[in-house]
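The next block holds one structure in the form of structure tokens; read it before the comments.
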Amino acid sequence: MHQIKEEAKEKVIVFCPIENEKEKEYQFAEISRLCFSADLEVVKIFSQSIDSFNRRTVMGSGKVEEIRQFLKENECDCLVVDYQLTGSQLRNLSEELQIKVLDRILLIIDIFALNAKSSEGKIEVKLAQNRYLLTRLSSLQGSQGRFGGKGAGMRGPGETKLELDRRKLEREILMLEKEIVKIKNARQQNKVLREKNGIKSVVLGGYTNAGKSSIFNLLTKESIYADDKLFATLDTTSRRLFLGDGKFCLLTDTVGFISKLPHELVESFSATLDEVRNADLILHIVDVADRFCQKNIEITNNILDGIGATKKRIVILNKCDLLTIPIEIQKNQMLFTTKNKNKVDALKSLILQVLEE
Ligand SMILES: Nc1nc2c(ncn2[C@@H]2O[C@H](COP(=O)(O)OP(=O)(O)OP(=O)(O)O)[C@@H](O)[C@H]2O)c(=O)[nH]1
Ligand SMILES: [Mg+2]
């Protein structure tokens, strides 16, 4: 009889350069959730003020020594740095500490790689991976090659081996970019058709894990994947949503946002983000029970402004079932929970009302 052996999680230590002492706690919580979503077990978090920044290794030499000592006494597979590293910083850290190093971007791309299901999502992830690798190629060939042959940071759609050959990477990037253009063109045609038929598009946007897919499922009676992990959704799904009075809109669930969204990802996910940009109405979903709720609202607003999503927005304060104290609601905001259907009709009415304003 065969026994299925569950693969042990990779153990990681994390290093956070702290830009703002007041946001340290937020940064720790966010990077821990990212690691959890990448199936990594955080053994310890190290941090240091950005004032001690060192161009070679990001962290100062004392911190390098502290981590080296820790690694002598504790078994770890990888160091995660909550910062966007250059190729040489990746190599220097990896060589000095003799460990695989992942930066914030590669960690996020890796979670995306784990979650990409549709061919569009896979193309976008592959493009992001290839662009990342291309810009850091010479450094990665030297160091990470030794430590990073498999596991976190190297997971890809279809688990194809990541290519470390410049010409192959460039060729593949061109091919993937062409695919993205095709997807964008098809999206544009759909948009024209939709507008011709007077169908309004409503998109669920917001910080990852706020409950977008759960709301989508509740409203459309679908059963797309929702999970208590960051970036559970990478693929866009659209369904017709009847709003009453014989009227309907097209409701779309899409990828969640996060602070410091790497530009590699924004560019690679331009086809998906077009859907958000072009929407007639954005339902900005917020986890109102998250202690960093205000910060998450700010992050989402900045990203929406950054991608040029200028149309109407309603803020849905989701997970209100978890609230222990009453909160003040402003105009174009609504308390919501997916734990029952009590508020579904009120939400549909609000959508209809705002669309017709
Ligand atoms: N208590 C409570 N939990 C909720 C509610 N809505 C969603 N959740 C939970 O929150 C977690 C995240 O929900 P998702 O719907 O996957 O969130 P999302 O915004 O689609 O997340 P990403 O796709 O990862 O960006 C899941 O564990 C849900 O069960 C709610 O109203 N109340
Ligand atoms: Mg989702």
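The values are calculated or read from the model by the stated rules, or taken from the named source; none is laboratory data. Keep in mind the model is a prediction, meaning the values are calculated, not measured. Reconstructed Cβ throughout: ideal geometry from the backbone, glycine too, with neighbour counts over all protein chains shown. Side chains included, ligands, DNA and RNA excluded: accessible areas come from the protein's heavy atoms. Shrake-Rupley method; radii C 1.70, N 1.55, O 1.52, S 1.80 Å.
Some points to look at:
- Pairs where the first residue, in segment 3-16, is within 12 Å of Phe36 (Cα to Cα) and the second is open to solvent by less than 100 Å² (accessible area, probe 1.4 Å) and modelled with pLDDT under 90, C-beta under 6 Å, 6+ apart: Glu10/Gly151; Glu10/Ala152
- Screening Lys168, Lys178, Lys150, Lys182 for residues that are at pLDDT below 90, open to solvent by 70 Å² or more (accessible area, probe 1.4 Å) and assigned to a helix (DSSP H, G or I) leaves exactly one candidate, Lys168.
- Candidate set from segment 70-103 (those that are among the basic types (Lys, Arg) and modelled with pLDDT under 95); member that is most open to solvent (accessible area, probe 1.4 Å): Arg91
- Of all residues in segment 292-304, those that are under 14 Å from Ile282 (Cα atoms) and among the aliphatic types (A, V, I, L, M) have Cβ atoms under 8 Å from Cβ atoms of residues that are open to solvent by 20 Å² or more (accessible area, probe 1.4 Å) and not in a helix (DSSP H, G or I), 6 or more apart or on another chain, in Ile297/Tyr207; Ile297/Val315; Ile303/Leu261; Leu304/Arg313.
- Hits in segment 281-311 - residues which are of a type outside the set (A, V, I, L, M), open to solvent by less than 70 Å² (accessible area, probe 1.4 Å) and over 11 Å from Tyr207 (Cβ atoms): Gly306, Gly308
- Reported count of residues in segment 311-339, each being away from ligand 2 (no atom under 16 Å from the Cβ), polar (S, T, N, Q) and under 27 Å from the mean Cα position of the chain (by Cα), is 3.
- Consider segment 192-241 and keep the residues that are more than 17 Å from Leu273 (Cβ to Cβ), touching a Phe, Trp or Tyr at 6+ places or on another chain (Cβ under 8 Å) and without any contact (Cβ under 8 Å) to a residue 24 or more places away in the chain. The one that is most open to solvent (accessible area, probe 1.4 Å) is Arg240.
- Index of the failed condition, Lys247 passing every other in (1) more than 12 Å from ligand 1 (Cβ to nearest atom); (2) buried (at least 17 other Cβ atoms within 10 Å of the Cβ): (2)
- Hits in segment 250-280 (condition: surrounded by fewer than 20 Cβ atoms within 10 Å (Cβ to Cβ) and part of a strand (DSSP E or B)): Leu250
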